[in-house]
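Worksheet: one structure, shown below.
The values are calculated or read from the model by the stated rules, or taken from the named source; none is laboratory data. In this text, all values refer to a predicted model and were calculated from it rather than measured experimentally. Virtual Cβ from ideal backbone geometry, glycine too; neighbours counted across all protein chains shown. Note: areas computed on protein heavy atoms with side chains; ligands, DNA, RNA excluded. Shrake-Rupley method; radii C 1.70, N 1.55, O 1.52, S 1.80 Å.
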Amino acid sequence: MSPQSEEILLRCCEVTKRFGGLVVLWEVNLEVRRGSLIGLIGPNGAGKTTLLNVISGLLQPDSGRVEFLGRLINGLPAHAVVRLGIGRVLQIPRLFPHLTVEENVLVGVLFGRRKPPAREEAQEEARKFLTLVGLEGKHRERVGKLNTQEKRLVDLARALATEPRMLLVDELMSGLSLVEMERYTTLLRRIREQLGVAILWVEHVMEAILGTVDEVVVLDHGAVIAQGSPAEIAQDPLVIEAYLGTGAREVLGAHMGYAGSS
Amino acid sequence: MNARPVLSHMLPVLGTGIALAAVPLFVRESGYVLRIATFLLMLATYAVGFNLLFGHTRQLFLCIGVLAGTGAYGSVLLVRNAGLNPVAAIAVAVAIATGLGAFLSYVGVRRGFGVLFVGIVTLAVSLIFQNLVLGLRKYTNGETGIVTQGLGVGLAENPVQAYYILLAVLVAALAVYQEIMGSRHGLALHALSDDEVSAELSGIDVARYKVGVAALAAGFISLVGALFADWNGFISPSLFSVGHVDIPVLIVLLLGGMRTLLGPVVGAIVFTIVDAIVRPFGQLTVLAYGVLLVALFLVFREGTVTLLQRGWEMVQSSTQRGQVGRGVAADEDGDPLSQRTNSRAKSPY
Ligand SMILES: Nc1ncnc2c1ncn2[C@@H]1O[C@H](COP(=O)(O)OP(=O)(O)OP(=O)(O)O)[C@@H](O)[C@H]1O
Ligand SMILES: [Mg+2]
């Protein structure tokens with residue numbers, strides 16, 4: 001293998017997925033390199049969540065290949081994909097309500113790794129990830145008592161606890177204020193730097209993503225319509241038309257300016 | 001942090017065993033009460049299995065009677081028609097039922113059946129079993145049934161011995177349950193009963209747990225079924241029907257408390273008492289069961305044990321609040337599980 005191909009963690013080749021007659025993904029090609037931060041954007045119903053479901057093994061593609069570390073992973077059940085190193089944060093967090101915050105994360109430590117640590121070490125690990133996402137002091141609470149944001153953070157901590165090489169994040173930002181978004185952006189950056197995790201980040205809110213990611217992939221009606229640096233995407237007429245609508249160029253331009261100066 | 005005697009999590013199991021072991025000392029040896037108490041042990045063991053199936057892996061097996069019946073008919077026919085010795089016959093019958101349980105679970109998992117669909121399919125399995133026993137009249141005598149005297153290990157002749165053997169089976173089932181729940185597998189079972197998708201995404205092999213649990217539960221249930229055949233001296237298909245086994249077991253588990261160690265035992269005790277009261281009303285008991293089941297599902301899904309635990313926790317926390325500063329100290333012992341409800345408190349994970 002060439003050094004360049006070793007750099008590639010995930011590769012989707014011509015992935016197609018239908019629900020009945022509806023084509024939700026059409027020959028999607030996608031590459032994620034080690035340690036990179038990639039934004040996946042697209043309008044409602046574009047197929048973003050479906051693509052993440054196919055990658056994480058919750059759905060099987062109708063055709064095409066999904067490779068992780070050079071290994072074909074379609075056909076593998078989701079738990080096996082997790083153990084290979086793909087962590088997943090759901091759009092709407094689904095935690096284990098009968099377990100405490102710490103136990104929710106502990107599940108990830110004990111079952112999401114190929115070599116789970118011993119009991120005491122596992123508990124420490126769980127707390128470590130709770131601290132990383134800023135939930136220290138909450139570890140004994142029942143997750144039912146948490147607010148939506150805290151639930152998302154528990155879900156994130158649980159995904160990180162499986163020690164992924166790549167993290168799939170689905171709309172972490174929906175319904176947040178700008179200040180809160182800033183917090184999440186910082187958090188994801190820190191995760192990537194501290195843990196060296198590559199992140200494929202689905203987001204609706206363009207402002208959140210464009211200043212942060214290395215590369216943007218735009219999905220529309222199940223097909224990749226553009227791919228490139230945030231600056232390129234902001235200029236792409238197809239994207240502007242298909243996804244952003246009229247008047248978006250100015251808004252985008254302003255944000256790129258902001259991102260560039262920070 | 002988790003410094004505790006290695007076997008302390010078995011104390012509730014041991015306590016239950018000792019308490020129930022005292023029963024024959026207080027009742028007449030060949031009396032009606034001992035019979036009822038023995039039946040209670042069987043019901044509780046069925047419920048332990050059903051708790052694993054329904055409580056922990058969301059598999060609504062409405063074929064507990066089939067699994068018990070496989071143990072019963074299997075062991076009896078293997079002795080009567082194949083000439084096996086009773087112990088070997090029981091072992092083979094239990095193995096067959098275990099395979100059946102695992103197979104039914106596997107089909108459900110593979111085909112992605114939801115809770116209700118598993119319920120419907122297993123209900124159909126129950127009907128098939130009834131018809132199978134009736135159809136194989138040549139071997140089973142159909143609804144006339146089989147007199148099992150001399151075909152088993154002789155439980156019918158020794159009621160006290162039978163009581164203790166069935167108590168041993170119940171205690172073994174409770175011990176296995178507690179051991180699983182105290183291990184990392186217990187955490188996996190709690191997680192997957194809460195949310196299967198999240199469990200998968202956390203690396204838990206949900207399918208394997210479901211099939212494994214079904215096999216284990218079927219093993220215990222069919223063992224009790226085989227012992228029942230011997231103890232009762234007679235078997236007929238209606239003794240293993242949904243109305244005779246599954247509905248009572250469902251009521252027992254809901255009454256006692258799903259996902260708890262002692263729920264099945266407490267539920268069986270309460271149910272047995274209620275049953276003794278409504279029994280004189282004959283046909284009406286079915287109606288009473290139905291009403292009870294609906295009421296349980298609507299207002300009492302948590303069960304007695306969970307309710308008692310909650311009450312106990314409230315009492316504890318209010319006394320703790322009375323003592324200034326103690327709450328903090330308790331927080332700092334670092335064990336996130338120490339405040340847990342009893343059934344789970346002993347899990348080291
Ligand atoms: N299980 C399913 N069965 C049938 N259709 C589905 C299913 N899941 C998704 N779809 C359809 O597939 C399309 C893509 O859905 P998907 O959830 O992947 O979009 P998305 O890009 O994540 O949208 P959003 O931004 O709203 O989250 C939608 O039209 C949706 O209705
Ligand atoms: Mg989505």
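Is it the case that A:Val28 is within 16 Å of ligand 1 (Cβ to nearest atom) and among the β-branched types (Val, Ile, Thr)?
On the way: within 16 Å of ligand 1 (Cβ to nearest atom): yes; among the β-branched types (Val, Ile, Thr): yes.
Spelling it out, A:Val28 is indeed within 16 Å of ligand 1 (Cβ to nearest atom) and among the β-branched types (Val, Ile, Thr).
Does at least one position in the stretch B:173-182 carry a residue that is at pLDDT below 95 and of a type in the set (Asp, Glu)?
No, the stretch B:173-182 contains no residue that is at pLDDT below 95 and of a type in the set (Asp, Glu).
Would you be able to tell me the number of residues in the stretch A:24-60 that are more than 10 Å from ligand 2 (Cβ to nearest atom) and part of a helix (DSSP H, G or I)?
Residues meeting the conditions: 2.
Among the residues of the stretch A:198-219, what is the count of those that are part of a strand (DSSP E or B) and within 16 Å of ligand 1 (Cβ to nearest atom)? If you could, list the steps in order and put the result at the bottom.
At the first step, the residues of the stretch A:198-219 found to be part of a strand (DSSP E or B) are A:198-202, A:215-219.
With within 16 Å of ligand 1 (Cβ to nearest atom) added as a condition, the list becomes A:200-202, A:216-219.
Selection size over the stretch A:198-219: 7.
Among the candidates A:Leu51, A:Leu72, A:Leu90, A:Leu37, which residue alone is crowded, with 16+ Cβ neighbours inside 10 Å and either more than 13 Å from ligand 1 (Cβ to nearest atom) or without any contact (Cβ under 8 Å) to a residue 40 or more places away in the chain (or both)?
Of A:Leu51, A:Leu72, A:Leu90, A:Leu37, the one residue that is crowded, with 16+ Cβ neighbours inside 10 Å and either more than 13 Å from ligand 1 (Cβ to nearest atom) or without any contact (Cβ under 8 Å) to a residue 40 or more places away in the chain (or both) is A:Leu37.
Exactly one condition in (1) loosely packed, with under 13 Cβ neighbours inside 10 Å; (2) modelled with pLDDT under 95; (3) within 24 Å of the chain's Cα centre (by Cα) is false for B:Gly112; which is it?
All conditions pass for B:Gly112, except number (3).
Suppose the filter is within 16 Å of ligand 1 (Cβ to nearest atom) and open to solvent by less than 60 Å² (accessible area, probe 1.4 Å); does A:Thr100 pass it?
Criteria not met by A:Thr100.
Do we have A:Ile199 as surrounded by fewer than 24 Cβ atoms within 10 Å (Cβ to Cβ), at negative phi and of a type in the set (Val, Ile, Thr) here?
When the stated conditions are applied, A:Ile199 does not pass them.
Name the residue, out of B:Val245, B:Val266, that is away from every other protein chain (no Cβ under 14 Å) and crowded, with 24+ Cβ neighbours inside 10 Å.
Sole residue among the options that is away from every other protein chain (no Cβ under 14 Å) and crowded, with 24+ Cβ neighbours inside 10 Å: B:Val245.
When only residues in the stretch A:197-230 that are free of Cβ contacts under 8 Å to residues at least 40 places away in the same chain and under 23 Å from A:Leu90 (Cβ atoms) count, which is farthest from ligand 2 (Cβ to nearest atom)?
Applying the filter and picking the extreme gives A:Ala208.
Within the stretch B:131-155, how many residues turn out to be open to solvent by less than 40 Å² (accessible area, probe 1.4 Å) and either among the β-branched types (Val, Ile, Thr) or on the phi < 0 side of the Ramachandran plot (or both)?
Number satisfying all stated conditions: 7.
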